[in-house]
Amino acid sequence: MKETVYFGSIVNSGFEDLLLNKYGSSRKVIMVDENTHDHCLEYLLTSFPSLSEAEVMLLPAGEENKVMEVCFQVWNALSEYEISRHDLVMNLGGGMVTDMGGFIASIYKRGVDFIHIPTSLLGMVDASIGGKTGIDLGPYKNQLGVFSQAQAIFIDPVFLSTLPEDEIWNGYAEMLKHALISDEILWEKLVPIKSVEELVGLELIQQCAEIKLGIVQKDPLEKNERKLLNLGHTVGHAIEGYLLSKETPIAHGHAVAIGILIEAMIANRIGALDGSDYAKIEKAIKDHFARIGFESEEEIESVVSLMRNDKKNSEGLIKGILIHKIGKCETDFVYQEDLVISCLRTFLS
Ligand SMILES: NC(=O)c1ccc[n+]([C@@H]2O[C@H](COP(=O)([O-])OP(=O)(O)OC[C@H]3O[C@@H](n4cnc5c(N)ncnc54)[C@H](O)[C@@H]3O)[C@@H](O)[C@H]2O)c1
């Protein structure tokens, strides 16, 4: 099934038709977190009076809550409300809500239809698209999950007006990733961006979202080309997972940005990525994202040990993406551990 993605004002999209025609007699559940409850829900409810009877499920905000314990609470609530397999779940939030809400809906009664209304930039250009749903297991990011596509995705930048500035830059990290794996011209357009205002326009969001859409439509189950979207994530997920339980967790987008930088250094050190492209990537990341630092060698070892259990690995090897040049990357590249450790030391100690 191809995912249907609507870009632009949700009010003028196919949303109302979908609700009335396909789900007219279905009960509706809206998943929100604390922030999208406060900032996004009212707009949706006032724009669509037919949602006045919807059940609202409030999830605790933050990556640390993308866990099974919260899913159990929601599944119990769905059962209590007697939500049936023919009803509809709407996920109104960032990547945390769409990942977990999609997972909850996909498992409940063997699958209830769901739609995504992403409210973060990262959700709009990346997380809401492509049918990966899931939750974290301890320090392992998205360790539990299923591929399950949304019935529709509504990408409306109106929701970004309340998104904190830091969160806009987190979305920018995934936009840079899309450019690095496929589009040098987009890279040149993204790198000079200095203000969040330049990032929240529909045209750029749609261009980035369509890169992801094009890739996942060709390879929905990540057998080949879709693996490219993991650029920055082999290292980034390990850093994010390691810091998840610490006093200073790192946002997903920020971790991906640091991951891209370290993976670019790995590529440069083995001679795959030339110095000039490496310097451009290093500058772009350092100009837009804060440095992070670890205090001890043990912390670096902990990050590497998480990388050993990454979902993309096989044959006991750490596998990730190799950048050849801006706009061109290779999948299934084996990362030598000593090189990874040396590059992590360069940036994190
Ligand atoms: N499924 C995929 O293909 C895929 C791809 C990339 C990332 N992800 C996942 O996405 C998650 C990261 O997504 P994210 O950065 O959107 O995180 P998030 O959902 O935690 O949102 C970030 C913060 O912004 C708040 N927020 C969201 N929209 C808001 C709005 N309009 N106004 C005010 N506050 C708002 C949230 O409450 C949260 O505090 C991670 O869990 C990551 O693993 C999934």
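Miscellaneous remarks
- Residue check for Tyr81: more than 14 Å from the ligand (Cβ to nearest atom) and surrounded by 21 or more Cβ atoms within 10 Å (Cβ to Cβ): no
- Hey, Ala179 assigned to a helix (DSSP H, G or I) and either within 14 Å of Lys212 (Cβ to Cβ) or more than 10 Å from the ligand (Cβ to nearest atom) (or both) or not: yes
- Top-ranked residue of the range 84-101 - restricted to ones that are open to solvent by 10 Å² or more (accessible area, probe 1.4 Å) and part of a helix (DSSP H, G or I), ranked as farthest from Val5 (Cα to Cα): Met96
- Those residues of the range 16-43 which are open to solvent by less than 30 Å² (accessible area, probe 1.4 Å), in a helix (DSSP H, G or I) and touching a strand residue (DSSP E or B) at 6+ places or on another chain (Cβ under 6 Å), in sequence order: Thr36, Leu41
- The range 202-224 - residue that is in contact (Cβ under 8 Å) with a residue 24 or more places away in the chain and in contact with a helix residue (DSSP H, G or I) (Cβ under 7 Å, 6 or more places away or on another chain) and, of those, surrounded by the fewest Cβ atoms within 10 Å (Cβ to Cβ): Leu202
- Just one of the listed residues (Glu299, Glu315, Glu295) is in contact with a helix residue (DSSP H, G or I) (Cβ under 8 Å, 6 or more places away or on another chain) and free of Cβ contacts under 8 Å to residues at least 60 places away in the same chain, namely Glu299.
- Residue match in the range 172-188 (condition: crowded, with 18+ Cβ neighbours inside 10 Å and farther than 20 Å from Leu231 by Cα): no
- Looking across the range 102-122, the residues that are within 10 Å of the ligand (Cβ to nearest atom) and part of a helix (DSSP H, G or I) come down to Gly102, Phe103, Leu121, Leu122.
- Subset of the range 135-168 [open to solvent by 40 Å² or more (accessible area, probe 1.4 Å), more than 10 Å from the ligand (Cβ to nearest atom), outside any strand (DSSP E or B) and not acidic (Asp, Glu)]: Gly138, Pro139, Gln149, Gln151
- When the range 45-71 is filtered for residues that are assigned to a helix (DSSP H, G or I) and either within 11 Å of the ligand (Cβ to nearest atom) or free of Cβ contacts under 8 Å to residues at least 24 places away in the same chain (or both), the ones remaining, listed by number, are Leu45, Thr46, Pro49, Glu63, Glu64, Asn65, Glu69.
The values are calculated or read from the model by the stated rules, or taken from the named source; none is laboratory data. The structure displayed is predicted, hence computed values, not measured ones. For neighbour counting, all protein chains shown are included, and Cβ atoms are generated from backbone atoms with ideal geometry for every residue, glycine included. With ligands, DNA and RNA removed, areas are computed over all heavy atoms of the protein, side chains included. Shrake-Rupley method; radii C 1.70, N 1.55, O 1.52, S 1.80 Å.
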